[in-house]
Structures are given as structure tokens and as C-alpha cells.
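The block underneath contains the structure these notes are about, expressed in C-alpha cells.
The values are calculated or read from the model by the stated rules, or taken from the named source; none is laboratory data. Quick caveat, the model's predicted, so the values are computed rather than measured. Cβ coordinates were reconstructed from backbone atoms using ideal geometry, including for glycine residues, and neighbour counts include every protein chain displayed.
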Amino acid sequence: MSQRIEASFLLAQGRFPTAAEVSEWSADVGSATVNDLVEKHRKLLQQDPAAQRAVVAKAFEDAFGRVPDADELARSEPVLTYVEQVKAHIAELRQRPDEYRAVLDRAYQRVIRRGVYDEEIAYWNNFDVLAYSTVVGCVDNWGRRNQPGLMVTAGTPTISHNSVYLSTVTVSPKVAEEARAAAGLRTANTDYFSYASGRTVIAPGADKVVANGGVHFVAALAEGVVAR
């Protein structure tokens with residue numbers, strides 16, 4: 001049950017639960033699915049304006065790689081879950097290529113301390129628009145695999161569940177499918193060949209991103225990656 005609880009916190013609030021929260025929810029949830037737990041989060045968020053604001057801010061930071069201003073916070077719908085808000089931000093970025101380029105640049109500056117190259121903009125445009133958190137995870141993995149002497153990003157976007165830039169919870173294939181359904185993400189084809197492809201990252205827009213080692217995991221940006 002701890003996998004489901006941790007996955008639900010990442011999907012609904014974009015953060016890990018505290019030890020006290022894990023204990024409290026473990027005593028109360030019984031045989032609930034990830035979707036059941038996410039819906040419980042939704043009801044709790046509706047009753048807690050401070051928690052709503054925290055989720056709004058976290059989703060914005062994870063999507064854009066920067067802190068929102070007051071107007072941007074005010075435009076958000078606070079009772080949406082973290083994953084729903086990130087999906088909405090990704091849809092916005094699809095309509096704003098200049099802002100998406102800024103997201104990519106922030107990711108490269110954060111991980112490898114240089115701006116994104118024009119050739120890398122073209123590389124990323126071959127894929128669906130991704131949240132800052134996913135790009136950071138991919139750039140981190142590419143940088144570690146290709147050091148020293150990093151050139152231009154190439155290959156298949158890949159993320160490790162051990163990335164220092166991410167909060168992740170590894171889950172079983174069964175819990176992974178529950179998590180995808182709860183988040184409204186595309187469900188995986190569960191035959192051997194699909195699993196062998198490594199497309200097992202559970203995050204908005206990341207269905208074509210490969211998980212290093214083929215591990216199923218839910219991901220959000222780790223705390224402290226975006227400077228405040």
C-alpha cells in the first residue's frame with residue numbers, strides 16, 4: 001500500500017508524503033486504488049486553501065522551471081490536482097514556442113550550466129512538449145552518460161528514477177497502470193515488447209520518454225530545484 005500512497009501524493013500534490021502522512025493514510029485507506037487515493041486528495045484540497053496554493057505553485061514550477069508571479073497564481077484553478085495542472089501547463093506551452101524554448105534553456109542552465117543550443121531546440125521539437133521537470137531529468141541522464149566533453153543532445157530522451165533532480169516512486173506494473181489511469185495518462189500496452197521499450201515513466205507528456213532500466217516510476221520535480 002505504501003507504493004500507492006506515495007504515488008498518489010506525487011500525482012495529486014507533486015510531493016512525497018511525510019512519515020506521519022504515510023502512517024495516517026495506511027491506517028485509513030484499506031484496499032483503495034491509486035485513483036481512490038487521488039480522489040481523496042482532491043476532496044482534501046477543496047477544504048484546504050493553503051494546500052491548494054502549494055499545489056498550484058508546485059505544478060507551475062515543475063512545468064515552467066520558474067516561480068509563478070501573483071497574476072499567474074491567480075489564473076490557476078486551485079482544486080485541480082498537481083498532474084492535472086501540469087498537463088494544462090503543457091497544453092499552454094504547445095501554443096507558446098518562445099516560452100517552451102525558455103523552459104528548455106532553464107533546464108540546460110540548471111543541469112549542465114550552459115544554454116540550450118539551436119540544434120537542441122530542433123532535437124526537442126521532434127518530440128511532444130515536455131514539462132521542465134521531465135526535460136531536467138532527460139538532460140541529467142544524457143549528461144551523465146556522455147561526460148566528459150558534452151556536445152549536442154541526441155538519442156532517445158531517457159530518465160533515471162535515481163535522478164537527483166526528481167522525486168520518484170518506483171511501482172509495480174499493476175500499480176503503474178492504476179497510476180496512469182488516475183492521472184488520465186495513456187495506459188501502457190502491457191505486452192512484453194512494450195515493457196521492453198522502457199516507456200514506463202509516469203508523468204504528464206512523458207509517455208514517449210524511456211525509463212533507464214525499464215523501471216516503472218511516478219515522477220515530479222524534487223524540492224529545491226527551482227530557485228525561489
Exercise. Regarding Val86, is this residue within 30 Å of Lys174 (Cβ to Cβ), surrounded by 16 or more Cβ atoms within 10 Å (Cβ to Cβ), touching an Asp or Glu at 6+ places or on another chain (Cβ under 8 Å) and at pLDDT 95 or above?
Worked result: yes
Exercise. Restricting to segment 41-78, what's the tally of residues that are farther than 27 Å from Gln109 by Cα, under 20 Å from the mean Cα position of the chain (by Cα) and of a type in the set (Asp, Glu)?
Worked result: 1
Problem set entry | Criterion (small (Gly, Ala, Ser) and over 19 Å from Val171 (Cα atoms)) met by exactly one of Ala70, Ala12, Ala19 | Ala70
For this session: Could you give me the residue pairs with C-beta distances under 7 Å whose first residue belongs to segment 78-94 and is under 17 Å from Ala181 (Cα atoms), whose second residue is charged (D, E, K, R) wherever it lies, and which are 6+ apart or on separate chains?
Result: Thr81/Arg42; Tyr82/Lys58; Val86/Asp62
Exercise. Under 16 Å from Val111 (Cβ atoms), modelled with pLDDT under 95 and of a type in the set (Val, Ile, Thr), is that true of Val175?
Worked result: no
Problem set entry | Criterion (modelled with pLDDT under 95, part of a helix (DSSP H, G or I), at positive phi and over 14 Å from the mean Cα position of the chain (by Cα)) met by exactly one of Gly224, Gly149, Gly213 | Gly213
